[in-house]
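The values are calculated or read from the model by the stated rules, or taken from the named source; none is laboratory data. Small disclaimer: the values here were computed from a predicted structure and weren't measured. Glycine gets a Cβ as well: all are built from the backbone with ideal geometry, and neighbour counts include every protein chain shown.
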Amino acid sequence: MAGNMKVLNALDSAKTQWYHFTAIIITGMGFFTDAYDLFCISLVTKLLGRIYYHVDGSSKPGSLPPNVSAAINGVAFCGTIAGQLFFGWIGDKIGRKKVYGITLMIMSICSIASGLSFGRDPKTVMATLCFFRFWLGFGFGGDYPLSATIMSEYANKKTRGAFIAAVFAMQGFGILGGGIFAIIISAVFQACFKAPAYQVDPLGSTVPQATADMENVMQVDIGTDQKEPAVKSGNEFVFLIDRIGRFTIQLIGFTMMTVFMFALAIPYHHWTLPGHHIGFVVLYSLTFFFANFGPNATTFVVPAEIFPARLRSTCHGISAACGKLGAMVGAFGFLYLAQPQDKTKADAGYPAGIGVRNSLIVLGVVNLLGLFFTFLVPESKGKSLEEMSRENEDSTEEGAEVENHSSDNRTVPV
């Protein structure tokens, strides 16, 4: 036991070396891939609607039915939740490295298979795509607990938070990469297949249609694009986490999110007036800046630090699965909830909801609850993993035995 503790103490006090950066690159690229494949689908569904659900003679481009769109977007999240629970558990049983390799293989195979989805008609193509995206999400799910756990066990206690946060920050770059690639593809198609000008084809862009499109400008899709400010806030988080601590960052995040949500919700009518849209966009962007700077990042870091080694991957998987379940409720539940109370003004295929203003109030209350629960989060800044999980306490023979077993489960660089 004493020998194991010496090894762990050496890791905690080790200077930053090349194997630290190797671990960041490997686990970070896994997270980059996760974000790219999970969040680029919101852009891909627009293209799928135009390809498979176009109606000949219609003046509008084709679009996916709401239930099909929800299935394509949601099935990957379902697979992610299952993968987080399964691979988190199996990572504690047979080792992080072996299981992490399995998840990367699943991600690679299913990413290619998703792009090669096949079928005789649109329904079978969508069914095939949903099948492969479920297993793609299943592989992604394993990447969440294993990336954080591997990085936490490789790092020293002084820079552990920054290293884990650096892995998490790659999520923002993955989302950015998906958007950039979609822009490039759109630009290529626009250059190759130019749409006729209004003077040439007036029916393709009528004034009534333009008016109808503008009616939906303020119908914000709550939660569907919440990761866009993640690149900037993720970088800030990397530099500050080991300076001001996890608890303080999460507290700041929830506090500012609550303030901005209520600032949007209470005077909502004011923001809908002409000339005030920019203020709405600024406050809305700041809300998600602090979401990614605060709880979205700390809930990835903290679970990798506070649990004992024998349960670290499992518990991180449970924590991540709960977060992903909340993301599903936010992304899809509020998509219906934010519809206007007047059913005639709701988007096609959606029932009447409670409106954007009331939805923002609900989100503000949820953020306030998160603020209160933050006071239950322990501060792990500058502490070793053994200190946080109390595995270095050997006051009893039973405790010493558990410590010895737990220490053997920790990832050690070779």
>> Can you report the number of residues in segment 253-295 which are of a type in the set (Val, Ile, Thr) and at pLDDT below 85?
In response: 1
> Would segment 120-135 turn up any residue that is buried (at least 23 other Cβ atoms within 10 Å of the Cβ) and over 24 Å from residue 23 (Cβ atoms)?
Replying inline: yes
> Which residue pairs have Cβ atoms closer than 7 Å, lie 6 or more positions apart in sequence or on different chains, and pair a first residue in segment 282-298 that is farther than 19 Å from residue 161 by Cβ with a second residue that is part of a helix (DSSP H, G or I) and modelled with pLDDT of 85 or more?
Replying inline: 283/260; 283/263; 283/264; 284/264; 286/260; 287/257; 287/260; 287/261
>> So for segment 284-302 (the condition being surrounded by 23 or more Cβ atoms within 10 Å (Cβ to Cβ) and not in a helix (DSSP H, G or I)), does at least one residue qualify?
In response: yes
> Within segment 333-369, how many residues are of a type in the set (Ser, Thr, Tyr) and either crowded, with 18+ Cβ neighbours inside 10 Å or in a loop (DSSP other than H, G, I, E, B) (or both)?
Replying inline: 2
> Right, residue 138: crowded, with 23+ Cβ neighbours inside 10 Å and more than 19 Å from residue 23 (Cα to Cα) or not?
Replying inline: yes
> What pairs come up if the first residue lies in segment 63-90 and is assigned to a loop (DSSP other than H, G, I, E, B), the second is charged (D, E, K, R), and their beta carbons are under 9 Å apart, counting only those six or more places apart or on different chains?
Replying inline: 63/46; 63/50; 64/46
> What residue, of 236, 305, is at pLDDT 85 or above, charged (D, E, K, R) and in a helix (DSSP H, G or I)?
Replying inline: 305
> List the pairs whose first member sits in segment 350-366 and is farther than 14 Å from residue 260 by Cβ, whose second member is assigned to a helix (DSSP H, G or I) and among the charged types (D, E, K, R), and whose Cβ atoms are under 7 Å apart, counting only residues at least 6 apart or on separate chains?
Replying inline: 351/343; 352/343
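Residue by residue, here is whether (1) of a type in the set (Ser, Thr, Tyr); (2) surrounded by fewer than 18 Cβ atoms within 10 Å (Cβ to Cβ); (3) more than 28 Å from residue 109 (Cβ to Cβ) holds:
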residue	(1), (2), (3)
37	no, no, no
43	no, yes, no
52	yes, yes, no
58	yes, yes, yes
65	no, yes, yes
> Looking only at residues in segment 322-339 that are out of contact with any Pro (no Cβ under 9 Å at 6 or more places or on another chain) and among the aliphatic types (A, V, I, L, M), which one is farthest from residue 91 (Cα to Cα)?
Replying inline: 338
